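Novice: For reference, the structure I am asking about is given below.
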Amino acid sequence: MFIDGRTIPDGTVIETDLAIIGAGAAGITMARALADTGIDIALIESGGFEFDPATQELTEGASTGVSYPLDTSRLRYFGGSTNHWGGWCRPLNAPDFEKRDWVPWSGWPISRTDLDPFYVRAAEVCELGASSFDDPAPWSSQSGNRPLPLQGGEVETRYFLFSPPTRFGTRYRKDIGTAPRVRTYLHSNVTNIVTDDQAAEVQSLTIRTLDGKGYEIRPKRCVLATGGIENARLLLASSHAIPAGLGNGHGVVGRFFMEHIHVPGQIAFVALSDSRMFSPYYQDHERIGTGWVRGVFMMSDDYLRHKKRLGSNMAIYSDHAPTIDPVKAAQDPGLAVEPAVSNMIRQTTSGAPAGAIPMIYGISCATEQAPDPASRITLSREKDALGMPRAELHWTLNALDRRSLAGNIRAIARAFGLWGEGRVRIVFDQGEDWADEEVGWGNHHMGTTRMSDDPRFGVVDADCRVHGMSNLYVAGSSVFTTGGAVNPTLTLVALALRLADHLKAGN
Amino acid sequence: MELSRRHILLLSGVGLAAFGGGFYAGSIQHHAPDLRDTLLAVLDDPASAAAAGRAWFQSSGVSELDGDALALGLARRLKLQGWNSKGEVTLKEALGKSIRHDFETDDMVSIAGWQFARTSAELCALAASAPAPEA
Ligand SMILES: Cc1cc2nc3c(=O)[nH]c(=O)nc-3n(C[C@H](O)[C@H](O)[C@H](O)COP(=O)(O)OP(=O)(O)OC[C@H]3O[C@@H](n4cnc5c(N)ncnc54)[C@H](O)[C@@H]3O)c2cc1C
């Protein structure tokens with residue numbers, strides 16, 4: 001059942017077994033997973049079924065450090081940011097969960113093996129239709145696509161699978177609306193999580209509507225699923241019992257904000273001796289069997305360990321044939337050199353057949369960011385229309401982030417050179433000194449309520465329960481301890497399913 | 001000894017072998033123009049290679065190239081990959097091996113961003129160097 005919060009009389013108190021705050025990928029996944037377990041659920045959503053500028057305005061906030069748009073990088077209505085996500089899906093790799101001695105603050109309290117069964121279910125939720133992310137065999141056997149035999153062991157082909165993309169708010173609206181024990185409160189903003197005096201137990205949620213009404217929900221247990229920025233904001237703003245906010249005994253809430261660092265446009269080009277060598281699945285997502293798949297280049301586990309770097313994923317797209325246009329070449333010396341590159345490949349290291357057509361491809365890249373306590377969400381002095389302090393993001397990159405991106409680009413140049421059929425042009429040539437203004441992002445908000453067994457270094461434990469609180473849990477990419485080099489939604493859906501199982505078991 | 005810009009360039013990598021001797025240093029040093037032609041014969045489009053070579057050197061602020069020294073240096077690299085007067089390893093094979101070795105050891109030269117193996121970059125530089133004057 002869907003209920004418009006604006007129709008609920010002021011001062012109403014509603015009791016429920018479980019409150020889920022936020023109906024995005026995480027919240028909707030949990031509500032569906034728990035819908036027929038006998039648990040009464042209140043799913044509380046800030047927006048309605050459509051985009052509404054006044055509600056979206058609640059996401060605005062200030063940014064310092066690397067400039068970042070807090071409002072356009074998420075959406076605030078039923079379905080959340082999945083209303084405009086791109087559907088790129090891939091699990092984190094096993095080493096992403098491990099403690100890496102060169103990555104300060106790394107090491108999840110759970111392993112990839114713990115998440116594996118939930119990744120299978122998450123793939124269904126995201127409607128991927130398949131689940132081979134590393135093994136090329138299923139894709140090769142069903143189509144003519146082949147991974148490039150790059151050499152040197154530093155760079156490998158891995159696979160993304162594509163969600164249609166599933167718009168959670170549309171695709172699962174009927175499931176949620178017809179589930180007898182799920183009541184969804186729309187146009188309802190949680191502005192405060194009220195606890196006992198010790199801030200150890202959630203007692204009620206203060207809910208406000210934009211037309212000035214207010215009511216209260218009293219849950220036995222509560223899951224915060226408002227997205228990677230808002231989860232921290234709400235914990236920090238719920239400061240009546242402890243001024244620092246909930247779960248913030250060690251000042252960790254809001255810290256360790258991570259993104260996937262992008263360089264706007266392409267970071268590199270690759271010249272290939274024969275345009276037929278790049279299988280179609282590298283250049284765009286391809287329908288193969290029951291799945292949509294795209295091959296990308298990622299750094300091998302050995303390379304990352306040996307070089308002490310963070311990972312990257314690099315996607316390819318077809319750009320142009322290497323012909324000289326004197327006008328363009330005069331503006332860009334790299335274009336003038338292209339015929340020499342093609343000839344050099346053909347005449348020295350290539351085994352491409354006669355008549356092969358060389359081609360230039362662009363490479364775009366996303367890179368993992370190391371957890372850094374200085375990169376953080378805090379509360380601004382400015383308040384939103386509901387009187388809540390706005391979020392303020394200070395996003396910083398550190399030396400390891402910059403060194404990793406610069407090093408990984410060189411690694412891909414080596415891999416193509418060693419193979420012999422390609423050469424790489426690095427257009428992002430700022431090395432480790434690249435300026436903040438050149439940094440891009442993926443709209444992935446991670447780490448602000450990170451998972452750790454030790455409350456000094458994390459906000460939630462391995463069960464996603466807020467340290468020191470009996471009945472408050474967090475779902476979403478804010479619980480990521482580290483972010484890997486791939487898009488977060490498949491992993492946060494897997495974690496939401498795992499949390500649902502935990503709650504179902506009566507924990 | 002006062003170093004000219006040309007020397008600095010040579011010492012910084014290109015044509016280092018000209019100072020170090022080696023396979024060709026004794027036997028072919030006096031025939032460096034022939035060596036240059038032999039090496040460049042592998043290119044079916046020396047003009048495009050020369051353009052890349054010029055781009056490299058211009059970006060390093062150097063205008064004058066010593067083709068003989070470049071040829072000797074490159075020959076020494078190729079000798080390390082088995083190229084010799086007996087023809088057991090062809091020039092193309094030796095170039096391929098040397099290029100592979102450069103990529104393995106991260107010995108890449110950026111020419112307008114393109115990551116050339118140092119061997120390839122030197123071949124381009126050789127193509128850009130003025131042919132030796134007729135004797
Ligand atoms: C343009 C774009 C493209 C993307 N592409 C990809 C991609 O290709 N692959 C990928 O993996 N990820 C992608 N993402 C990220 C992806 O959308 C998010 O990871 C995912 O939606 C996060 O799920 P969530 O449930 O944690 O948060 P959200 O989906 O943002 O949902 C949070 C919900 O909480 C509600 N809410 C917030 N505050 C309150 C409050 N106080 N009270 C009540 N409700 C509240 C919001 O209205 C919203 O509905 C993309 C994001 C953007 C912006």
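The values are calculated or read from the model by the stated rules, or taken from the named source; none is laboratory data. Source: prediction; values computed, not measured. Ideal geometry is used to build each Cβ from the backbone, glycine not excepted, and the neighbour counts take in all protein chains shown. Keep in mind that these areas ignore ligands, DNA and RNA; they rest on the heavy atoms of the full protein, side chains included. Shrake-Rupley method; radii C 1.70, N 1.55, O 1.52, S 1.80 Å.
Novice: What number goes with the only condition from (1) surrounded by fewer than 18 Cβ atoms within 10 Å (Cβ to Cβ); (2) modelled with pLDDT of 90 or more that A:Arg402 does not pass?
Specialist: (1)
Novice: Which condition does A:Pro117 not pass, out of (1) in the same structural domain as A:Ala485 (by TED's automatic domain parsing); (2) touching a residue at least 12 places away in the same chain (Cβ under 8 Å), if it passes all the others?
Specialist: Among (1) in the same structural domain as A:Ala485 (by TED's automatic domain parsing); (2) touching a residue at least 12 places away in the same chain (Cβ under 8 Å), A:Pro117 violates only (2).
Novice: Further question: May I ask you to verify whether A:Val341 is over 26 Å from B:Asp106 (Cβ atoms) and either part of a helix (DSSP H, G or I) or modelled with pLDDT of 90 or more (or both)?
Specialist: Against the criterion (over 26 Å from B:Asp106 (Cβ atoms) and either part of a helix (DSSP H, G or I) or modelled with pLDDT of 90 or more (or both)), A:Val341 does not qualify.
Novice: Please indicate, with yes or no, whether at least one residue in the range A:253-262 is open to solvent by less than 10 Å² (accessible area, probe 1.4 Å), within 20 Å of the chain's Cα centre (by Cα) and β-branched (Val, Ile, Thr).
Specialist: Yes, some residue in the range A:253-262 is open to solvent by less than 10 Å² (accessible area, probe 1.4 Å), within 20 Å of the chain's Cα centre (by Cα) and β-branched (Val, Ile, Thr).
Novice: With acidic (Asp, Glu) and under 30 Å from A:Val155 (Cβ atoms) as the only criterion, which of B:Asp107, B:Asp68, B:Asp37 stands out?
Specialist: Details: B:Asp68 fails: under 30 Å from A:Val155 (Cβ atoms); B:Asp37 fails: under 30 Å from A:Val155 (Cβ atoms).
Going through B:Asp107, B:Asp68, B:Asp37 in turn, just one is acidic (Asp, Glu) and under 30 Å from A:Val155 (Cβ atoms): B:Asp107.
Listed here are the residues, each with its yes/no results for (1) crowded, with 21+ Cβ neighbours inside 10 Å; (2) farther than 15 Å from A:Glu230 by Cβ; (3) free of Cβ contacts under 8 Å to residues at least 24 places away in the same chain.
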{"site": "A:Ile28", "(1), (2), (3)": "yes, yes, no"}
{"site": "A:Ala31", "(1), (2), (3)": "yes, yes, no"}
{"site": "A:Ile41", "(1), (2), (3)": "yes, yes, no"}
{"site": "A:Ser46", "(1), (2), (3)": "yes, no, no"}
{"site": "A:Phe49", "(1), (2), (3)": "no, yes, no"}
{"site": "A:Ala54", "(1), (2), (3)": "no, yes, no"}
{"site": "A:Glu57", "(1), (2), (3)": "no, no, no"}
{"site": "A:Thr64", "(1), (2), (3)": "no, yes, no"}
{"site": "A:Ser67", "(1), (2), (3)": "no, yes, no"}
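Novice: Quick check, is A:Arg414 touching a residue at least 40 places away in the same chain (Cβ under 8 Å) and assigned to a helix (DSSP H, G or I)?
Specialist: For A:Arg414, the condition - touching a residue at least 40 places away in the same chain (Cβ under 8 Å) and assigned to a helix (DSSP H, G or I) - is met.
Novice: Residues of the range A:187-232 being of a type in the set (A, V, I, L, M) and open to solvent by less than 20 Å² (accessible area, probe 1.4 Å), which ones?
Specialist: A:Val190, A:Ile193, A:Ala199, A:Val202, A:Leu205, A:Ile207, A:Ile217, A:Val223, A:Leu224, A:Ala225, A:Ile229, A:Ala232
Novice: If you don't mind, there's one more thing I want to ask. Taking the criterion of being more than 12 Å from chain B (Cβ to nearest Cβ) and at pLDDT 90 or above, would at least one residue in the range A:351-360 satisfy it?
Specialist: Looking for residues that are more than 12 Å from chain B (Cβ to nearest Cβ) and at pLDDT 90 or above, one finds none in the range A:351-360, hence no.
Novice: When you scan the range A:81-105, how many residues do you find that are out of contact with any helix residue (DSSP H, G or I) (no Cβ under 6 Å at 6 or more places or on another chain), open to solvent by less than 10 Å² (accessible area, probe 1.4 Å) and more than 15 Å from the ligand (Cβ to nearest atom)?
Specialist: 1
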